[in-house]
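Asks: Attaching a single structure in structure tokens format; questions to follow.
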Amino acid sequence: MTKLVRTDSNSTDFVVLVRLLDADLAQRDGDEHAFYHQFNKIDHIKYVVVAYENDKPIGCGAIKEYAPDTMEIKRMYALPEFRGQGIATRILTELETWAAELGYKRCILETGKKQPEAIALYKKSHYMPIENYGPYIGVENSVCFEKKMN
């Protein structure tokens, strides 16, 4: 049974998973990776979810405040051998629940056009496409989404 644990960016398991995520993104994004990497620092993230299967960390995600009423979804990742099992959906749902508990009204996120699995996850989870925001304005490979919290 997969267990979800709320933690923060000091979690060693989270740091290890993010390194794997960054390696995957470096391959997918190629020359554009350095641009994106600058927006993905993980120091001081207060809200992190790590998924475990038999005490092995298998996936993660995080939220950080973007605006007083908005959380930004960051650092979503599942180990390749655990993809397609609903792990990312469970992590995303837990992050949304946490954001709502903290009083936030919406979640936003950016992902790359070269990550079709991520785009499918967000669409399936009722995220709506929005214009690129913040550092992603005018970035052709980026696609941004939002979801209003209930």
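The values are calculated or read from the model by the stated rules, or taken from the named source; none is laboratory data. Quick caveat: nothing in here was measured; it's all calculated off a predicted structure. Positions of Cβ are backbone-derived with ideal geometry, glycine not excepted, and every protein chain shown enters the neighbour counts.
Asks: Given the conditions (1) among the aliphatic types (A, V, I, L, M); (2) within 22 Å of Y47 (Cα to Cα); (3) surrounded by fewer than 13 Cβ atoms within 10 Å (Cβ to Cβ), and given that A120 satisfies all but one, which numbered condition is not satisfied?
Replies: In the conditions (1) among the aliphatic types (A, V, I, L, M); (2) within 22 Å of Y47 (Cα to Cα); (3) surrounded by fewer than 13 Cβ atoms within 10 Å (Cβ to Cβ), A120 misses (2) alone.
Asks: Looking only at region 121-150, filter to residues that are assigned to a helix (DSSP H, G or I), at pLDDT 95 or above and more than 13 Å from the chain's Cα centre (by Cα); which one of those is nearest to A67 (Cα to Cα)?
Replies: Per the stated criteria, the residue is K123.
Asks: Could you give me the residue pairs with C-beta distances under 7 Å whose first residue belongs to region 15-36 and is modelled with pLDDT of 65 or more and outside any helix (DSSP H, G or I), whose second residue is of a type in the set (K, R) and surrounded by 17 or more Cβ atoms within 10 Å (Cβ to Cβ) wherever it lies, and which are 6+ apart or on separate chains?
Replies: none
Asks: Anything in region 83-119 that is charged (D, E, K, R), assigned to a helix (DSSP H, G or I) and within 28 Å of Q27 (Cβ to Cβ)? List them, or say none.
Replies: Result: R90, E94, E117.
Asks: Determine which member of the set G84, G59 is over 15 Å from L109 (Cα atoms), over 15 Å from the mean Cα position of the chain (by Cα), of a type in the set (G, A, S) and modelled with pLDDT of 70 or more.
Replies: None of the other options fit; the residue is G84.
Asks: Same structure, new question: Filter region 106-118 down to the residues that are more than 13 Å from I73 (Cα to Cα) and touching a residue at least 24 places away in the same chain (Cβ under 8 Å) and list them by number.
Replies: Hits for region 106-118 are G112, K113, K114, Q115, E117.
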